[in-house]
Structure formats: C-alpha cells, structure tokens
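Student: Could you have a look at this structure, given as structure tokens, before my questions?
Values quoted throughout were computed directly from the atomic coordinates according to the rules given, and no laboratory measurement underlies them. Because the structure is a prediction, the values reported are computed rather than measured. We place every Cβ from the backbone using ideal geometry, glycine too, and count neighbours over all the protein chains shown.
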Amino acid sequence: MRVLFVCTGNTCRSPMAEALFQKKIWELGKAGEIEVRSAGLYKFGRISVSSHALAVLTEYGIQFDHEPQGLNRELIAWANLVLTMTKFHKYVALAIFPEIINKTFTLKEFVGEKNSLDIADPVGKSLSRYRQCAQEIECALNLLQQKLVLISTETDFDSLSFPTPQPLPRTLPLFRWLIGMTRLSQKTRN
C-alpha cells in the first residue's frame with residue numbers, strides 16, 4: 001500500500017503526516033507493506049519544511065529530512081491512496097488529476113470523521129499551534145493505521161477499492177478551467 005499525503009506547499013501538515021505515519025508503520029513492523037510520501041499542491045521555490053514542524057517532529061522522537069515537492073503525475077501514479085489535509089486540497093488535486101477520484105479523500109473523510117474534514121493550517125502561527133496540528137493529525141493517523149492494518153490482513157493492496165468519496169462541489173469544472181488558464185498564462189510568460 002502506498003499512501004500520499006497532500007497539503008498546500010508540503011512544508012507543514014503533509015510532511016508531519018508523512019513522518020508521523022512512517023513512525024507508526026515502522027513501530028508496527030509494516031514498513032515493507034505500507035509506504036508513505038507527501039507532496040504539496042504547489043512547490044514554493046526554495047522554501048523548506050517549517051522549522052516549527054521539524055521541532056514538533058523532534059518532540060515525537062522523529063528526525064525528518066525532507067525536501068518539499070509538488071504534486072505530479074509520477075506521485076499520482078505511485079499512490080494507491082491520496083489523503084489531503086483539507087477539502088480544498090482534495091478538490092484542487094481532483095481538478096488537476098481527475099483520474100484519481102476513486103483514491104482521493106481528505107484524511108479525516110477516509111477515517112470516518114463526521115465533524116470537520118479539514119486539518120487546521122498552522123502556517124505562520126506559534127509552535128503551540130503546530131503541536132495542536134500534529135495532535136489533530138496523529139488522532140486521524142491512529143484511525144488510519146487501524147483501518148489499513150485491518151485491510152492489509154484481508155486484502156491484496158493492489159486490488160483494493162475504497163468507499164465512495166464525499167460529493168464533489170459543482171464548481172469543480174471551474175477549478176479545472178482556472179488551473180488551465182493559470183498554466184497557459186505561465187507558459188506565455190516563459
């Protein structure tokens with residue numbers, strides 16, 4: 001099973017999710033069965049993983065060396081499951097890569113959360129907000145771990161089918177159009 005976590009710039013939430021989940025998988029002895037990566041919807045130049053995110057991971061006993069990367073076709077093809085940090089991330093990912101609709105969920109959606117489906121963004125906030133974010137992610141990852149371990153004992157990951165995702169917004173075609181226009185504008189400037 002290959003899990004890809006996605007947030008905005010791959011500097012805070014998705015790297016924390018990747019590192020925390022890798023630790024959980026390693027502790028379970030499932031490192032060979034479940035692989036984890038992370039990406040951002042956009043790679044912001046030379047920006048690295050947030051120092052607050054790295055500090056929080058150190059508090060969890062994790063030394064994490066990660067270069068932020070943008071979501072791309074190679075990662076999409078690699079992943080069996082794409083888990084975003086917010087509904088907006090999910091919708092943009094689906095607007096860019098509509099073929100991933102059957103394997104893309106918000107993290108909280110996939111684990112059955114009924115309240116908010118979004119993980120709060122700590123960018124630009126205090127270290128304590130990053131700690132709260134990591135705790136929010138860890139609660140969802142505990143449920144994810146249980147779900148994937150149960151699935152792994154019953155199923156071959158390559159033949160896995162997931163439940164139907166939450167309904168998509170009617171504005172998804174508009175997202176696709178805006179992304180296409182942005183790409184066209186960038187090409188004409190270069």
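Student: Arranged by the count of other C-beta atoms within 10 angstrom, fewest first, what order do Thr84, Thr58, Thr106 take?
Tutor: With the fewest neighbours first, Thr84, Thr58, Thr106 line up as Thr58, Thr106, Thr84.
Student: A further question on this structure: On a full-extension model of 0.36 nm per residue, what is the gain between Arg2 and Ala31, subtracting their alpha-carbon distance, rounded to one decimal in nm?
Tutor: 9.4 nm
Student: Excluding Glu27 itself, what net charge comes from residues whose Cβ is under 14 Å from its Cβ, given Lys and Arg +1 and Asp and Glu -1?
Tutor: With Lys, Arg at +1 and Asp, Glu at -1, the net is +1.
Student: Just rank His52, His66, His89, fewest to most, by other beta-carbon atoms within 10 angstrom.
Tutor: Going from sparsest to densest Cβ surroundings: His66, His52, His89.
Student: Same structure, new question: Need the C-alpha centroid separation for the stretch 68-94 versus the stretch 1-55, integer Å.
Tutor: About 12 Å separates the Cα centre of the stretch 68-94 from the one of the stretch 1-55.
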